[in-house]
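Since the structure comes first, as structure tokens, the remarks are kept for the end.
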Amino acid sequence: MAPWLFLLALALAGVGIAALAMRHALDVSDDGHADHWMEQIVGLRRPVREAPRRFPPRTHLPDQREDATCGMPENNSSAQRDLIRIEDSRVWWESEHDVSDTEDDHEFHRAMEEPMRRLIELVSAAGGTLKVQDAYRPQGIHKTLSLHREGRAVDLTCDELGLEKLAMLAWSAGFDWVYHEVPRNGGAHVHASVRADRADYFAKSR
Ligand SMILES: [Zn+2]
């Protein structure tokens, strides 16, 4: 092969690869993007696990410690990097009703997004309003190794359905660890948390 022909072939191959990479990076597929988004929304309405028959107070699933299931919190710098916001008008957000502090209950670790969005769908379908009492808390009320400190845990209630039913739905929604928590000084709630390394359900849609 003549050297110039070889160089031309090489250049053309380079342009082809660059175009493919570009298409991938920009996700320029016209309808594919919308279809994928719709698939995800529909997927969120389906439970990913069968609900347990009961979810009594002071019990959790699976039947092992939270850190054995979800791992320990990392550090605040990685928490900042992984935070996303969830907005949904069907949800009651505690931070919008308590103006005495600067908390923001819309902030979550990205690994929380899929089960949170699925739980919003499941609770709505069951006729309830999901209440987010506590989400990302970089400091303050939670213990030092709490997953709330990096946005991997959420505290939830639901007046219409009650906590046992809510805990069942949280399990069906795919949280890795669900706890029907009844603190000694009151304020029973469902605490739900996730592993940090879950696949990003929404990665292609961003
Ligand atoms: Zn909690």
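Please treat every number below as a calculation from the coordinates, not as lab data. Bear in mind the structure is a predicted one, so any value in this text is a computation, not a measurement. Backbone-built Cβ (ideal geometry, glycine too); neighbour counts: all protein chains shown.
Rounded to the nearest whole Hz, the Karplus-based 3J(HN,Hα) values (6.51 cos²θ - 1.76 cosθ + 1.60, θ = phi - 60°) of the stretch 159-174 follow the sequence 4, 5, 9, x, 6, 5, 5, 4, 4, 4, 5, 5, 5, 5, 6, x, with x at glycine and proline. Distances between placed amide hydrogens fall under 5 Å for D134 paired with D155, all partners being 5 or more residues away or on another chain. Around the amide H of W177, modelled in the peptide plane, lie the amide H atoms of S193, all under 5 Å away and 5 or more residues distant in sequence or on another chain. The length gained on full extension between H33 and T129, counted as 0.36 nm times the residue separation minus their Cα-Cα distance, comes to 31.5 nm.
Residues in the stretch 182-196 carry Karplus couplings, in order, of 10, x, 4, 8, x, x, 4, 6, 9, 9, 10, 9, 9, 5, 7 Hz; the curve used is 6.51 cos²θ - 1.76 cosθ + 1.60 with θ = phi - 60°, and Gly or Pro positions show x. Please state, as a whole number in µm²/s, the translational diffusion coefficient that the Stokes-Einstein equation yields for the stretch 31-205 at 4 °C and 1.567 mPa s, with Rh defined as the Kirkwood radius across alpha carbon pairs. For the chosen part, D equals 79 µm²/s. Were the residues from R184 through A51 laid out at 0.36 nm apart, the gain over their Cα-Cα distance would be 45.2 nm.
Can you bin every Cα-Cα distance in the stretch 124-164 into 10 Å intervals starting at zero and give me the percent of pairs per bin, rounded to whole numbers? Spelled out per bin, shortest first, that is 29, 39, 27, 6.
Per-residue Cβ neighbour counts within 10 Å put Y136, Y201, Y179 in the sequence Y201, Y179, Y136, beginning with the fewest.
Placing a pseudo-label 7 Å from each Cα along the Cα-to-Cβ vector at R195 and L5 gives an inter-label distance of 5.4 nm. Computed from backbone phi, the HN-Hα couplings of the stretch 87-100 come to 10, 6, 6, 7, 9, 9, 9, 4, 5, 8, 10, 10, 9, 7 Hz, rounded to whole numbers (Karplus: 6.51 cos²θ - 1.76 cosθ + 1.60, θ = phi - 60°; Gly and Pro given as x).
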